[in-house]
1. Search the range 81-114 for residues being modelled with pLDDT of 85 or more and part of a loop (DSSP other than H, G, I, E, B), and hand back the single one that is nearest to Gln53 (Cα to Cα).
2. Listed residues Val74, Val133, Val143; which is of a type in the set (Val, Ile, Thr), at pLDDT 90 or above and under 16 Å from the mean Cα position of the chain (by Cα)?
3. Say whether the condition of being at pLDDT below 85, surrounded by 10 or more Cβ atoms within 10 Å (Cβ to Cβ) and either of a type in the set (Phe, Trp, Tyr) or within 22 Å of Val143 (Cβ to Cβ) (or both) is met by at least one residue in the range 2-16.
4. Residue check, Tyr113 against (1) over 15 Å from Val74 (Cβ atoms); (2) in contact (Cβ under 8 Å) with a residue 60 or more places away in the chain; (3) among the hydroxyl-bearing types (Ser, Thr, Tyr); (4) buried (at least 19 other Cβ atoms within 10 Å of the Cβ), all met but one. Which one?
Amino acid sequence: MRSPYPRARIGTIILALATFFPSAAFATETGPGANLALSATVVPDCRLQVTQQMIFPNYMALSNPNADTSTASVSVQCTPTYSSTAFINLPSETQTGSQCNTCNFSMHGPGSYLLGYNLSFNQTIPYILTQNVATGDGLVHPVTIYGSIPPTQNVQPGTYLDSVTISVSF
């Protein structure tokens with residue numbers, strides 16, 4: 001008995017299916033099931049996020065004998081089993097022109113005035129610019145940055161600004 005579906009048509013149908021479903025053209029059966037190998041490489045990674053900006057109170061250069069202080073917060077999270085060190089990079093400006101000889105940073109203000117300030121990871125020691133953060137557990141770890149503006153800097157009234165790059169190495 002002659003088949004109602006000649007072989008030429010079956011070949012055309014298979015070719016058409018392979019065109020619309022390319023994976024069907026490469027499917028082979030080797031038994032009751034086939035295994036597909038998968039691979040992914042996870043590289044060490046850390047994320048650093050500023051969670052609170054540093055905003056100082058109004059600075060009264062001549063009448064306040066104490067330093068103005070403020071804090072900022074960042075969070076560090078690294079992939080499990082890797083530890084990291086968060087550290088503050090000094091800004092690209094220099095201290096030339098600042099009236100604060102003990103400051104490690106300067107904010108730019110009106111004209112060419114600079115308002116000196118310090119940053120630290122330790123509230124009582126102004127020059128701790130590196131903080132070790134054990135982050136090998138994959139959790140988010142908060143880190144506080146302390147800032148202070150020493151008193152008696154005779155600068156012009158106005159808004160003083162700066163930006164500091166905070167990095168994480170691991």
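The values are calculated or read from the model by the stated rules, or taken from the named source; none is laboratory data. Just so it is clear, the model here is predicted, and its values are computed rather than measured. Neighbour counts are summed over all protein chains in view; Cβ atoms, including those assigned to glycine, are modelled from backbone coordinates with ideal geometry.
1. Gly109
2. Residue meeting the stated conditions: Val74.
3. No, every residue in the range 2-16 fails to be at pLDDT below 85, surrounded by 10 or more Cβ atoms within 10 Å (Cβ to Cβ) and either of a type in the set (Phe, Trp, Tyr) or within 22 Å of Val143 (Cβ to Cβ) (or both).
4. With (1) over 15 Å from Val74 (Cβ atoms); (2) in contact (Cβ under 8 Å) with a residue 60 or more places away in the chain; (3) among the hydroxyl-bearing types (Ser, Thr, Tyr); (4) buried (at least 19 other Cβ atoms within 10 Å of the Cβ) applied to Tyr113, the lone miss is (2).
Listed here are the residues, each with its yes/no results for (1) in a loop (DSSP other than H, G, I, E, B); (2) under 30 Å from Leu62 (Cβ atoms).
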| residue | (1), (2) |
| --- | --- |
| Tyr117 | no, yes |
| Gln131 | no, no |
| Val143 | no, no |
| Tyr146 | no, yes |
| Pro151 | yes, yes |
| Gly158 | yes, yes |
